[in-house]
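> Got a structure here, written out as structure tokens. Questions coming.
The values are calculated or read from the model by the stated rules, or taken from the named source; none is laboratory data. What you see is a predicted model; the values in this text were computed from it and never measured. Neighbour counts are summed over all protein chains in view; Cβ atoms, including those assigned to glycine, are modelled from backbone coordinates with ideal geometry. Quick note on the areas: whole protein, heavy atoms, side chains included, nothing else; ligands and nucleic acids left out. Shrake-Rupley method; radii C 1.70, N 1.55, O 1.52, S 1.80 Å.
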Amino acid sequence: MQKVILSNPTDFDGEIAIIEQLLMEESLIFHLRKPDKNLKQLEDFLRSIPAKFYKKIVLHSHHELIKKYNLRGIHITEAIRQNMDETVMSNMIKLFRNRGLSVSFSLHTLNAIENLSFKADYVFLSPILKSISKTDYIGAFTMDELQFFFQVRKSKTPVYALGGIREENSAFLKRIGFQGFVLMGAVWEKYFQEENQNDK
């Protein structure tokens, strides 16, 4: 099972040191998602991470930074996919894949996995379980529905579970058919809890 960590969307004190510590795990993939940062802000954030870890980092925005930094690849969100011309996206994906970079997508329905018209290294499917970080965000699929999908699907694209996932769920997710899992709230919540306790 591939393990992916998705960055906290907003910055917090000590974040870079924690990211460095997380990136020490050998097979980890780290997705850098900072939706409110402009190009310069994201580049500054990236430059604060040691370059030896860049090959583990996938960008969710400002994909042009791939030209300057030796990163793992790009992630295409639902918003990007809906707003970009399909031919432009196809050409962009071919360019990145020809350079040996990974291309992944965020998807939210089982049909979207089967009907994805671009070659992907893997896709995130969400939400799977009740979100840890968003109180009103619940799972969109039954476990039976997911298990059946993995038994009959035609697509061979690896699917990673996102939404409410903790590391201890990994064996259960593998039995259902997922090839990987994505951690976000499960990783960052403990640092915020520690920070709150230190403030008391």
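> Please list, or write none, the aspartates and glutamates whose alpha carbon is within less than 16 Å of the alpha carbon of K94, excluding same-chain residues fewer than 8 places away.
Cα-Cα hits under 16 Å: E64, D85, E86, D121.
> Mind giving me the nanometre distance, one decimal, between the label points for E64 and R166, set 7 Å out from Cα along Cα→Cβ?
4.3 nm
> Give me the percent of accessible area attributable to carbon and sulfur for the chain, probe 1.4 angstrom. Walk me through the intermediate numbers first.
Working: 5190 of 10680 Å².
Carbon and sulfur together cover 49 percent of it.
> Quote to one decimal, in nm, the extra length available between A79 and I16 on full extension: 0.36 nm per residue of separation minus the C-alpha distance between them. All intermediate terms of the calculation are to be shown ahead of the outcome.
Working: separation 63, 0.36 × 63 = 22.68 nm, distance 2.70 nm.
20.0 nm is the gain from fully extending A79 to I16.
> Whole number in Å², please: accessible area per residue of the chain, 1.4 Å probe, ligands, DNA and RNA not counted. Intermediate values should be presented prior to the final figure.
Numbers: 10680 Å² over 200 residues.
Per residue, the chain has an accessible area of 53 Å².
> Ok, one more. Quickly estimate the mean residue ellipticity at 222 nm for the chain, helices only: each DSSP H run with n ≥ 4 gives -39500 (n - 2.57), and the total goes over all residues, rounded to 500. Write out the running numbers ahead of the final one.
Values: 8 runs with 75 residues, N = 200.
Helices in the chain give a 222 nm mean residue ellipticity of -11000 deg cm²/dmol.
> At a Cα cut-off below 16 Å, give the lysines reachable from K174, other chains included and same-chain residues fewer than 8 away excluded.
Hits, sequence-local ones excluded: K3, K156.
> With Kirkwood radius over Cα pairs in Å as the read-out, I listed [x] 18.6; [y] 17.7; [z] 19.2; which label goes with the value calculated from this structure?
[y]
> So, how do all the Cα-to-Cα distances of the stretch 28-124 break down into 5 Å bins, in percent, from 0 on up?
Cα pair-distance distribution for the stretch 28-124, in percent: 2, 12, 25, 25, 20, 10, 4, 1.
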